Amino acid sequence: MRRSGQLAAAFAGIVVMLAGCGGTPGPSLLSGRACLARLAAQEVGYRPVDQPASSCHVDTAVRVSRVEARLNHPAVMSCALAARLDEFERAVVQPLAKAELGQRVVRIDQMGSFACRRVNGSSRVSQHATGLAIDIGGFRLSDGTTVSVERDWNEPGPKRLFLRHLARQACGYFSVVLTPDSNADHHNHLHLDIGPDRLCSV
């Protein structure tokens with residue numbers, strides 16, 4: 001994407017956030033038994049977990065090992081985020097990988113979900129602290145090749161297009177989407193969250 005396009009996209013995202021465009025994309029967030037039932041119906045690999053031993057609260061906390069594709073390692077998150085991630089994978093990730101790379105995604109490389117912390121360099125509580133955010137570093141395809149945000153985001157070719165199209169479509173499923181174009185903190189991953197703010201920084 002040209003620099004002018006990057007600036008325009010970033011500015012548009014900031015305008016949306018400042019305008020107070022409320023709510024999260026897609027259907028209302030699920031919670032409790034209804035949410036767990038949805039995960040079970042979609043055959044998401046998860047188990048309920050006790051509240052983390054910290055001052056941070058995660059609504060209906062689950063440890064997820066697989067949505068449709070498996071995660072590189074299990075992640076604790078809110079059930080609502082697990083349900084949204086599953087929806088996003090089925091509706092966007094898999095069809096896009098098949099169309100643009102000719103392969104299915106068999107593994108999602110996540111770099112962290114729940115973490116009881118504040119936003120870097122800020123006094124604001126991170127959406128990771130409530131289990132409403134996940135960082136995605138890349139994907140493994142069915143032929144064994146990998147797609148890396150750090151390596152492929154700016155490298156010309158089909159992997160770059162896949163990542164950028166995926167990030168753009170993620171804005172329809174997540175409240176905040178941050179990419180390597182957002183800032184240096186996100187040079188190696190996509191930040192996806194379903195918190196109250198709105199920002200599509202793609």
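The values are calculated or read from the model by the stated rules, or taken from the named source; none is laboratory data. For clarity, every value in this text was computed on a predicted model and none was experimentally measured. Quick reminder, even Gly has a Cβ in these numbers, built from the backbone with ideal geometry, and neighbours come from all protein chains shown.
Points worth noting:
- On inspection, LEU178 qualifies as without any contact (Cβ under 8 Å) to a residue 24 or more places away in the chain and under 25 Å from VAL76 (Cβ atoms).
- Count - residues of the stretch 163-187 that are crowded, with 19+ Cβ neighbours inside 10 Å, in contact with a helix residue (DSSP H, G or I) (Cβ under 8 Å, 6 or more places away or on another chain) and assigned to a helix (DSSP H, G or I): 3
- Residues being out of contact with any strand residue (DSSP E or B) (no Cβ under 6 Å at 6 or more places or on another chain) and among the β-branched types (Val, Ile, Thr) - total across the stretch 143-201: 2
- Filter pass, GLU155 being assigned to a helix (DSSP H, G or I), over 15 Å from VAL105 (Cβ atoms) and either touching a Cys at 6+ places or on another chain (Cβ under 9 Å) or modelled with pLDDT of 95 or more (or both): no
- Residue pairs whose Cβ atoms lie under 7 Å apart, sitting 6 or more positions apart in sequence or on different chains, and linking a residue in the stretch 82-99 that is at negative phi to a partner that is of a type in the set (Asp, Glu), are ASP86/GLU68; GLU89/GLU68; ARG90/GLU68; GLN94/GLU68.
- The listed residue being touching a Leu at 6+ places or on another chain (Cβ under 9 Å) and assigned to a loop (DSSP other than H, G, I, E, B), out of GLN103, GLN110: GLN103
- Meets criteria (farther than 22 Å from VAL62 by Cβ, in contact (Cβ under 8 Å) with a residue 60 or more places away in the chain and in contact with a Gly (Cβ under 8 Å, 6 or more places away or on another chain)) for ASN188: yes
Every residue, every condition in (1) buried (at least 19 other Cβ atoms within 10 Å of the Cβ); (2) at pLDDT 95 or above; (3) part of a strand (DSSP E or B); (4) more than 12 Å from the chain's Cα centre (by Cα), yes or no:
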position	(1), (2), (3), (4)
ALA83	yes, yes, no, no
VAL93	yes, yes, no, no
ALA97	yes, yes, no, yes
CYS116	no, no, no, yes
GLY121	no, no, no, yes
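- Residue count for the stretch 128-152 satisfying the condition of being crowded, with 22+ Cβ neighbours inside 10 Å, under 14 Å from HIS189 (Cβ atoms) and not aliphatic (A, V, I, L, M): 3.
- Residue check for PRO156: surrounded by fewer than 18 Cβ atoms within 10 Å (Cβ to Cβ), free of Cβ contacts under 8 Å to residues at least 24 places away in the same chain and closer than 22 Å to GLU68 by Cα: no
- Residue in the stretch 137-149 that is out of contact with any Phe, Trp or Tyr (no Cβ under 9 Å at 6 or more places or on another chain), basic (Lys, Arg) and part of a loop (DSSP other than H, G, I, E, B) present: no
- Hits in the stretch 43-68 - residues which are in contact with a Cys (Cβ under 6 Å, 6 or more places away or on another chain) and surrounded by 13 or more Cβ atoms within 10 Å (Cβ to Cβ): CYS56, THR60, VAL62
- Taking each residue of the stretch 30-53 that is in contact (Cβ under 8 Å) with a residue 24 or more places away in the chain and under 12 Å from ALA82 (Cβ atoms) and looking for partners that are assigned to a loop (DSSP other than H, G, I, E, B) and among the charged types (D, E, K, R) with beta-carbon atoms closer than 7 Å, six or more apart or interchain, yields SER31/ASP59.
- Odd one out for ALA97, checked against (1) within 28 Å of PRO48 (Cα to Cα); (2) in contact with a strand residue (DSSP E or B) (Cβ under 7 Å, 6 or more places away or on another chain): (1)
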